[in-house]
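Visitor: Quick one: this structure, given as structure tokens, is what I'll be asking you about.
The values are calculated or read from the model by the stated rules, or taken from the named source; none is laboratory data. What you see is a predicted model; the values in this text were computed from it and never measured. Reconstructed Cβ throughout: ideal geometry from the backbone, glycine too, with neighbour counts over all protein chains shown. Note: areas computed on protein heavy atoms with side chains; ligands, DNA, RNA excluded. Shrake-Rupley method; radii C 1.70, N 1.55, O 1.52, S 1.80 Å.
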Amino acid sequence: MFTWDLLANAVVAGILLGGFYAAVSLGVSLTFGLLDVVNIAHPAFVILGAYAAYVMNSSFGLDPILTGVLFTPLFYALGAGVYRIYYGSFERRGEESLRGLVFFFGLLFIIEVALSLKYGVDYRLVEAAYIGKSIDLGGVGIAFRLLVPCVVGLLMTLALSLFLSRTFYGRAVMGVSQDQVALRLMGANPVRIKTIAFGIGIAAASLSGALLITISPVVPSTDRDYIGRVFAITVLGGLGSVGGTLVASIILGVAESLMATLFGPSWSLAVSFGILLLALAVRPAGLFGR
Amino acid sequence: MNGFRTLLGWALVGAVAGTLALAGADVFVARAADPIKIGLGMALTGGLSANGKPALMAIQIWKDDVNKKGGLLGRPVELIAYDDQTNPATVPGIYTKLLEVDKVDFVVSGYGTNLIAPLMPIAMERKLTIMGILGLANNEKYKYPNYFQIQPSGPDPEANWATGFFEIAARQNPKPQTIALVGADAEYPRHAIAGARELVKKFGFKTVYDKSYPPSTVDYTPIARAIKAVSPDIVFVASYPPDSVGMVRASAEIGLQPKIFGGGMVGLQFTTVMTSLGPMLNGIVNYDFWAPESTMMFPGIKEFFAEYQKRAKEAGVDPLGYYLPPYAYSAVQILGLAIEGGKSLDQQKVADYIRSNEFSTIVGKVRFGPNGEWAKSRVLQVQYQGIKGTDVEQFRVPGKKVVLYPEEFKSGTVIYPYSAAQK
Amino acid sequence: MKTRGALVVGVAVIGLGVLLGGLRVNPYVYFAGYVVLQYVVIATAWNVLGGYAGYVNFGTPAFFALGAYTSIFLIEAFKAPLPVLIVCGGLVAALLGLGIGYLTLRLKGVFFSIATFALSVVLQTLIINWEYVGGAKGYTLIRPPAPFFRSWGVLLFTLMVVLAVVTVLVARTIERSWIGRGLAALRDNEEAAECMGVPTLRLKLFATTLSGFFLGVAGAPFPYYVTYVEPSSAFDLNYAVNALAMPMIGGTTTWLGPVIGAVLLGTAQQVATVTISSELNLLIVGVVLVLFVVLAPEGITGLVRRLRRR
């Protein structure tokens, strides 16, 4: 059943999906890739963002992406707060590895369960003008439901990349990841920089959550599907490389899409993880890693 | 700082121990001997809780209805329910507690094939009579005589799920030739697709696509596209709520238009899904258990929905409740009628009574056949027609979800092909 | 306490367990007790790798389910008896532990953790597609009448008592041996340990293998307990969270920690299942875990130690 048309469509769908995966993984690329904080709870924050979008959409009819943008400052503050607790409890004492991981895992659990207590486990969806429509470009159909999140994802990646390379704080974040002592000697406070960076990472979760619920329905346990994907992407792309995250996201998206179309979808998720495990064994620095 | 933390740590330990003690104290409190106790585990959290909570509510409504009329055998009915968390591993513990500590007189199952399965050996060991709340083919391996299932799939549950869909398809003129089968990698869809494959042979269709997908799939466009590429006349989908939504949306987006679409999609029956998909549902032929059509208005059902919908609003569960709740109600309704009818609480006498009688319940007349399934299947096939917009009120009135099958409940005609219903 | 003393205590506990089985206490105790004891095994096994060596395993469900599914395979293929199931379940899971250890040898601890999580997903997909052991439809086990014991409840409970004692004794032995000291060195600073000549490679592999073995052993009798095994509940995330929370709460540096954590948290959860009975139960586990990790990172045993020092 192999036709070029089918293949083209699968690849395009994969790229669109990849753009979305990039949005979701950006936060982790920042917090784990650059700050070395294993925020395994990131997908839970994404789901939190998704529910925020849902609530605003069903109560006030707000477009989900608008909600995502609006809630960014809130999530930033949340991220900053979480980092402070993490820093005070673990990083300062140098015990971050085991305890920090467990802390975030517990946080993930709490967010997920709190959401199901408050909103139940019915699948939640949003309505927006562009869901359900699609355009056709020379035989390749593109659904707006996927296109819009992909575009937003690309914009987010671009914005973060510019931030890290062009702004003072952005470069400070890069500095923190490379050499904390040198940074301190230069007068910048690494803790403050890291707080800002972590806050940005969680703020990204707000918007990516809105994108998530645009693409497909959401329940509180949806975060579990993304824990693996997000870390697979971050590792494959190479820690510390935002561009690498984007490339890895697209690779994953295309791989899942091709698997689903040509060989049957049963194995697509496992194949993605297979790629991760292989990458970890063969080239742990990832594609663009330092 | 260190001392403070230590203190806090101890306070924590104390709190945990205290909670344990309090909770433990409650566990062994003796209960009054007068009421008739019915116990169950139900999915109040976890994957199936979206249906589990309404089901429990329906059972509670029955308890209240029965107690208003003086109870069973002159005694009030008490309900003891625990959360099985949609996790089969909790079932042995829960039901052992119900039977050994709470000393219930009867047990009812939880919701879902996975939650009923671990209950079977326990019931068989103690020779209990159990009412099953929507599970597929739980009794196939055991053939236990005192098991009764309220799901209307009838004998041969795997095939009967989709029989109506295939019959409707086969009836069309010209007869469709090719069929695509697609389903999730999970228990129910696997059963449904297995049944569908049998029916494909029976009705003489040709399978041009037969694949499954992992339930955590995000985007269904590649799947829909792959199906479109083979231009099937029939598309049969066996899916759970998120994939049902995904498939419907993806198919609408890429313009997948076979002559008939649907079959075994779970989720389209839920109010939140219906209101989100709205007009995208038009033309889909799917299985269902109840629809607000004139042919389905059985005695007592209007009153049930009035009460259910009132409670549902406060509890934040499915507001219409047109899927599982009436069946959960009728399961315990049958149990109650059997206890009254046989004038006995003896497990075997109640089982024999259920097996040999026909009951008039809020979902119509029910009679059980071999293996505890319904003697005659009543899995409906409905078609969504004329849905405009996403307002929930339109789903309360007849005409939007027309019953096509079986004959005795038919309330409208099928719009064929699928594309005609979408105009 | 010398080793011989510990052995005596172990045998005494088993004896108590058998006695409990003989007394006609409420059968509910056996079912609830089985789960709590199962968690003692899981928590202790997890702690060998997590607490002693400092490598956090998020993929506990993979090992546990592997033990359960190995049992199912052997039951279907050979109608193997329970002792064989337990040993084989443990061995297969141990192999998995060895494999994942080998794959992630050169990496930082956090990569190991992510790899274990990915492992869970891959394994679950494999099982879902393996019809022989039931696949997505699940596997139903029809139990013959319980051999030697009054009922399956008593049999499984007694079995778990034995397994729990064995696991704890092994963990204790390791902790006090040169292996335990090596693992502790590894945990505190892997590079420094390497420099001092500690065979970190081999110790890591030993830890992952042994941890895997006992996790598999915990899972092997599972099909007999629940009689219906299907992938999503066998691979339930709760096993991962509990395997983490119990040692954390009890204390990770010694064998006593996981035992305390498992007994406390496990019992609390069993009780909550039949009393509070809602998501509140799960929320409490999460909150308690985070609170302990932040406020009392050394767990209960750490608190006790600190109190003793005063």
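Visitor: Being of a type in the set (S, T, N, Q) and assigned to a loop (DSSP other than H, G, I, E, B) narrows it down to one residue among C:Thr254, C:Thr209; which is it?
Guide: C:Thr254
Visitor: Just to check your reading of the model, which residue among C:Val8, C:Val18, C:Val36, C:Val56 is of a type outside the set (Gly, Ala, Ser), under 30 Å from C:Gly182 (Cβ atoms) and in contact (Cβ under 8 Å) with a residue 40 or more places away in the chain?
Guide: Going through C:Val8, C:Val18, C:Val36, C:Val56 in turn, just one is of a type outside the set (Gly, Ala, Ser), under 30 Å from C:Gly182 (Cβ atoms) and in contact (Cβ under 8 Å) with a residue 40 or more places away in the chain: C:Val56.
Visitor: Quick check on my filter: what residues within segment B:147-174 are more than 15 Å from the chain's Cα centre (by Cα), closer than 24 Å to B:Glu187 by Cα and open to solvent by less than 10 Å² (accessible area, probe 1.4 Å)?
Guide: B:Tyr147, B:Ala162, B:Gly164, B:Phe165, B:Phe166
Visitor: Name the one entry in C:Val287, C:Val263, C:Val293, C:Val271 that is under 13 Å from the mean Cα position of the chain (by Cα), β-branched (Val, Ile, Thr) and assigned to a helix (DSSP H, G or I).
Guide: None of the others qualify; the one that does is C:Val263.
Visitor: Output yes when any residue across segment C:74-83 is touching a residue at least 40 places away in the same chain (Cβ under 8 Å), under 21 Å from C:Gln124 (Cβ atoms) and surrounded by fewer than 24 Cβ atoms within 10 Å (Cβ to Cβ), and no when none is.
Guide: In the first step, residues of segment C:74-83 are kept if they are touching a residue at least 40 places away in the same chain (Cβ under 8 Å); the result is C:75-76, C:82.
Checking which are under 21 Å from C:Gln124 (Cβ atoms) leaves us with C:75-76.
If we keep only those that are surrounded by fewer than 24 Cβ atoms within 10 Å (Cβ to Cβ) too, we end up with C:75-76.
Looking for residues that are touching a residue at least 40 places away in the same chain (Cβ under 8 Å), under 21 Å from C:Gln124 (Cβ atoms) and surrounded by fewer than 24 Cβ atoms within 10 Å (Cβ to Cβ), one finds at least one in segment C:74-83, hence yes.
Visitor: Same structure, new question: Any residue in segment B:184-195 that is assigned to a strand (DSSP E or B) and closer than 24 Å to B:Asn138 by Cβ?
Guide: Going through segment B:184-195, the residues assigned to a strand (DSSP E or B) turn out to be B:184.
Pick out the ones that are also closer than 24 Å to B:Asn138 by Cβ and you get B:184.
Looking through segment B:184-195, at least one residue is assigned to a strand (DSSP E or B) and closer than 24 Å to B:Asn138 by Cβ.
Visitor: Might you check whether a residue that is touching a Leu at 6+ places or on another chain (Cβ under 8 Å) and either among the basic types (Lys, Arg) or within 30 Å of B:Ala194 (Cβ to Cβ) (or both) occurs anywhere in segment B:306-325?
Guide: yes
Visitor: Check off (1) over 18 Å from the mean Cα position of the chain (by Cα); (2) within 14 Å of chain A (Cβ to nearest Cβ); (3) farther than 25 Å from B:Glu140 by Cβ for C:Glu131 and give me the number that stays unchecked.
Guide: Result: C:Glu131 passes all but (3).
Visitor: Now a separate question. Would you mind stating whether B:Asp318 is crowded, with 22+ Cβ neighbours inside 10 Å, in contact (Cβ under 8 Å) with a residue 40 or more places away in the chain, of a type in the set (Asp, Glu) and within 14 Å of chain A (Cβ to nearest Cβ)?
Guide: yes
Visitor: Which of (1) more than 14 Å from chain C (Cβ to nearest Cβ); (2) surrounded by fewer than 20 Cβ atoms within 10 Å (Cβ to Cβ); (3) assigned to a strand (DSSP E or B) does B:Gly70 not meet, given it meets every other one?
Guide: Against the list (1) more than 14 Å from chain C (Cβ to nearest Cβ); (2) surrounded by fewer than 20 Cβ atoms within 10 Å (Cβ to Cβ); (3) assigned to a strand (DSSP E or B), B:Gly70 comes up short only on (3).
Visitor: Can you give me the ranges of the helices (runs of 4 or more DSSP H) entirely in segment A:1-113 with at least 2 residues that are free of Cβ contacts under 8 Å to residues at least 60 places away in the same chain and closer than 25 Å to C:Val56 by Cα?
Guide: Result: A:72-89.
Visitor: For C:Leu37, state whether it is of a type outside the set (Phe, Trp, Tyr), assigned to a helix (DSSP H, G or I), within 14 Å of chain B (Cβ to nearest Cβ) and open to solvent by 10 Å² or more (accessible area, probe 1.4 Å).
Guide: yes
Visitor: Which one is surrounded by the most Cβ atoms within 10 Å (Cβ to Cβ) among residues in segment C:282-302 that are among the small types (Gly, Ala, Ser) and at the interface with chain B (Cβ under 10 Å from one of its Cβ atoms)?
Guide: C:Gly299
Visitor: Okay, moving on. I'm told B:Leu181 meets every condition in (1) of a type outside the set (Lys, Arg); (2) under 25 Å from C:Gly134 (Cβ atoms); (3) within 15 Å of the chain's Cα centre (by Cα) except one. Can you identify the failing condition by its number?
Guide: For B:Leu181, the exception is condition (3).
Visitor: While we're looking at this one, here's another question. Please verify whether segment A:194-216 includes one or more residues that are crowded, with 24+ Cβ neighbours inside 10 Å, closer than 22 Å to A:Ala285 by Cβ and small (Gly, Ala, Ser).
Guide: Yes, that holds for at least one residue.
Visitor: When only residues in segment B:203-237 that are touching a Gly at 6+ places or on another chain (Cβ under 6 Å) and either in contact (Cβ under 8 Å) with a residue 60 or more places away in the chain or charged (D, E, K, R) (or both) count, which is nearest to the other protein chains (Cβ to nearest Cβ)?
Guide: B:Lys211
Visitor: Could you tell me which residue of segment B:370-384 is nearest to B:Asp233 (Cα to Cα), considering only residues that are buried (at least 17 other Cβ atoms within 10 Å of the Cβ) and out of contact with any Leu (no Cβ under 9 Å at 6 or more places or on another chain)?
Guide: Taking the candidates together, the pick is B:Val379.
Visitor: With open to solvent by 10 Å² or more (accessible area, probe 1.4 Å), part of a helix (DSSP H, G or I) and within 13 Å of chain C (Cβ to nearest Cβ) as the only criterion, which of B:Lys53, B:Lys63, B:Lys97 stands out?
Guide: Answer to the selection: B:Lys53.
Visitor: When you scan segment A:159-180, how many residues do you find that are of a type in the set (A, V, I, L, M, F, W, C) and open to solvent by 100 Å² or more (accessible area, probe 1.4 Å)? First the steps, then the outcome.
Guide: In the first step, residues of segment A:159-180 are kept if they are of a type in the set (A, V, I, L, M, F, W, C); the result is A:159-160, A:162-164, A:168, A:172-174, A:176.
Remaining after also requiring open to solvent by 100 Å² or more (accessible area, probe 1.4 Å): A:168.
Total meeting the criteria: 1.
Visitor: May I ask you to say which residue of C:Tyr55, C:Tyr28 is farther than 26 Å from C:Val161 by Cβ and either touching a Ser or Thr at 6+ places or on another chain (Cβ under 9 Å) or in a helix (DSSP H, G or I) (or both)?
Guide: Of the residues listed, the single one that is farther than 26 Å from C:Val161 by Cβ and either touching a Ser or Thr at 6+ places or on another chain (Cβ under 9 Å) or in a helix (DSSP H, G or I) (or both) is C:Tyr55.
Visitor: On to the next question. In segment C:138-156, which residue that is touching a residue at least 12 places away in the same chain (Cβ under 8 Å) and over 29 Å from B:Glu187 (Cβ atoms) is farthest from the chain's Cα centre (by Cα)?
Guide: Step by step, filter segment C:138-156, then rank; the result is C:Arg150.
Visitor: Would you confirm whether or not segment C:6-13 contains a residue that is aliphatic (A, V, I, L, M), under 16 Å from the mean Cα position of the chain (by Cα) and either more than 23 Å from C:Thr209 (Cα to Cα) or assigned to a helix (DSSP H, G or I) (or both)?
Guide: No, because not a single residue in segment C:6-13 is aliphatic (A, V, I, L, M), under 16 Å from the mean Cα position of the chain (by Cα) and either more than 23 Å from C:Thr209 (Cα to Cα) or assigned to a helix (DSSP H, G or I) (or both).
Visitor: Of the conditions (1) assigned to a helix (DSSP H, G or I); (2) among the hydrophobic types (A, V, I, L, M, F, W, C); (3) open to solvent by 20 Å² or more (accessible area, probe 1.4 Å), B:Phe298 satisfies every one except a single condition; which number is it?
Guide: The single condition B:Phe298 does not satisfy is (1).
Visitor: Still on this model: Spot the failing condition for C:Leu169; the list is (1) buried (at least 20 other Cβ atoms within 10 Å of the Cβ); (2) in contact with a helix residue (DSSP H, G or I) (Cβ under 6 Å, 6 or more places away or on another chain); (3) within 28 Å of C:Gln269 (Cα to Cα), and only one is missed.
Guide: (1)
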